[in-house]
Amino acid sequence: MSRTASGLKAWVLQRATAVYIGLFSLYFLLQMLLAPPDDWVQWRALFAATPMAVAMLVFMLAILLHAWVGVRDVLIDYVKPFWLRLSLLTLIALILVACGLWTLQLLILARLN
Amino acid sequence: MQFLVSRFNPERDEKPWMQTFEVETWRGMMLRDALLEIKRQDESFAFRHSCGEGVCGSDGVNVNGTNRLACITPVSELKAPVEVRPFPGRPIIRDLVVDMSQFYRQYRAVDPWLVRKDPMPEQEILQSPEEREKLDGLYECILCGCCSTACPSFWWNPEKFHGPQALLTAWRFLADSRDQAEQERLDALEGPYRLFRCHTIMNCVEVCPKGLNPTKAIGHIKQLMLKNAI
């Protein structure tokens, strides 16, 4: 897709990530209801397992992309002044990247010893 | 029956204000008849109207908060006092008359005509009944503007977002088997604004006096775009 495909690309991305977010949330909810971890050690072990860690990372990435498209849409709709829009977009991008890196750090910590 | 009508005279008024009128109603009276009666009471009152039967699309107004065609809106359906205002979001020229230039510009921007690249045939270009059927629910648009002026995305970005009316028309020509400019039409709708400001709020579907569904048409365009992209 070309550089100008930002409309279609964003739209598809938002829908695709929504499907994954929905499915993973459902799975996670069932996991917590049917086999809730008894203590902190079990909770950490849950996220230390590779499939869960990868699924969680993909989930976080999906959330970040989904949120980015959504917030960008809101800012395009309502915030007209160029510098204000640019500042807000930058701020939100930084917050989202920080959230992603934080998740990565937590997952790495869960796997250490 | 009591009518509250929005008045605005650019030479005299700073902003629009509401004037109250009492109108004697009769069985089968339409809102257009009530507006004509109000005009008899006060000659300076201005509104657009023409055919009187929901075909020309001239007398779109905002009635009790909803965009409708005055000529096919029975007053018996309305809750009194009836508040009649001009279309929201458009510059007011006078009373209920608004400037629709932006709306027509967006219509023109989607090239609302058949584009042929092959040489024109001697006879008409034939369509199968199935191909013709695809245009039902699209060609009936009368450009009254009820949909686009009810669309929040069009309120926020009227100069960049095409709006439901123009996008319905875009799909009308994309869906036409005789048209040969699919790629150009899709390319012209790319980017975050022209098509993708639609957030499926569906005000357009709710207000269309012809019962058309611009949201569905927009969905078809997005699907076709996706099919072309992957």
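Things to note:
- The set of residues in region A:82-113 being of a type in the set (Phe, Trp, Tyr) and either surrounded by 13 or more Cβ atoms within 10 Å (Cβ to Cβ) or in contact (Cβ under 8 Å) with a residue 12 or more places away in the chain (or both) is empty.
- Among residues of region B:212-230 that are without any contact (Cβ under 8 Å) to a residue 40 or more places away in the chain and over 22 Å from B:ARG68 (Cα atoms), those with a beta-carbon under 8 Å from a residue that is open to solvent by less than 30 Å² (accessible area, probe 1.4 Å) and of a type in the set (Asp, Glu) at least six positions away or on a different chain give the pairs B:MET225/B:GLU190.
- Selection over region A:25-60 of residues that are free of Cβ contacts under 8 Å to residues at least 40 places away in the same chain, hydrophobic (A, V, I, L, M, F, W, C) and within 21 Å of A:VAL12 (Cα to Cα) gives a count of 3.
- Flag for B:GLU130 being within 14 Å of chain A (Cβ to nearest Cβ) and open to solvent by 10 Å² or more (accessible area, probe 1.4 Å): no
- When the test is whether a residue is surrounded by 15 or more Cβ atoms within 10 Å (Cβ to Cβ), β-branched (Val, Ile, Thr) and either within 14 Å of another protein chain (Cβ to nearest Cβ) or on the phi > 0 side of the Ramachandran plot (or both), B:ILE221 passes it.
- Residue within region B:21-31 that is part of a strand (DSSP E or B) and over 22 Å from the mean Cα position of the chain (by Cα) present: yes
- Within the option set B:LEU226, B:LEU212, B:LEU167, B:LEU195, being within 14 Å of another protein chain (Cβ to nearest Cβ) and over 18 Å from B:VAL110 (Cα atoms) holds for one residue only, B:LEU226.
- Put simply, of A:MET60, A:MET32 the only residue that is at pLDDT 90 or above, touching a helix residue (DSSP H, G or I) at 6+ places or on another chain (Cβ under 7 Å) and not charged (D, E, K, R) is A:MET60.
- Across region B:166-181, the number of residues qualifying as in contact with a Ser or Thr (Cβ under 9 Å, 6 or more places away or on another chain), surrounded by fewer than 18 Cβ atoms within 10 Å (Cβ to Cβ) and within 23 Å of B:LEU143 (Cβ to Cβ) comes to 0.
- Filter pass, B:PHE161 being open to solvent by less than 10 Å² (accessible area, probe 1.4 Å) and in a loop (DSSP other than H, G, I, E, B): yes
- Note on region A:1-55: among residues that are open to solvent by 40 Å² or more (accessible area, probe 1.4 Å) and in a loop (DSSP other than H, G, I, E, B), the one that is nearest to the other protein chains (Cβ to nearest Cβ) is A:MET1.
- Verdict on A:ARG72 being within 21 Å of the chain's Cα centre (by Cα), over 24 Å from A:LEU8 (Cα atoms), open to solvent by 40 Å² or more (accessible area, probe 1.4 Å) and of a type outside the set (A, V, I, L, M, F, W, C): no
- Residue among B:ILE92, B:ILE72 that is surrounded by fewer than 17 Cβ atoms within 10 Å (Cβ to Cβ) and modelled with pLDDT of 95 or more: B:ILE72
- Among residues of region B:151-178 that are within 30 Å of B:PRO129 (Cβ to Cβ), those with a beta-carbon under 7 Å from a residue that is open to solvent by 20 Å² or more (accessible area, probe 1.4 Å) and β-branched (Val, Ile, Thr) at least six positions away or on a different chain give the pairs B:ARG178/B:ILE125.
- The single residue among B:GLU184, B:GLU206 that is closer than 30 Å to B:GLY65 by Cβ, out of contact with any helix residue (DSSP H, G or I) (no Cβ under 7 Å at 6 or more places or on another chain), surrounded by fewer than 17 Cβ atoms within 10 Å (Cβ to Cβ) and in contact (Cβ under 8 Å) with a residue 40 or more places away in the chain turns out to be B:GLU206.
The values are calculated or read from the model by the stated rules, or taken from the named source; none is laboratory data. Quick caveat, the model's predicted, so the values are computed rather than measured. Quick reminder, even Gly has a Cβ in these numbers, built from the backbone with ideal geometry, and neighbours come from all protein chains shown. For the accessible areas, the whole protein counts, side chains as well, though only heavy atoms, and no ligand, DNA or RNA atoms are used. Shrake-Rupley method; radii C 1.70, N 1.55, O 1.52, S 1.80 Å.
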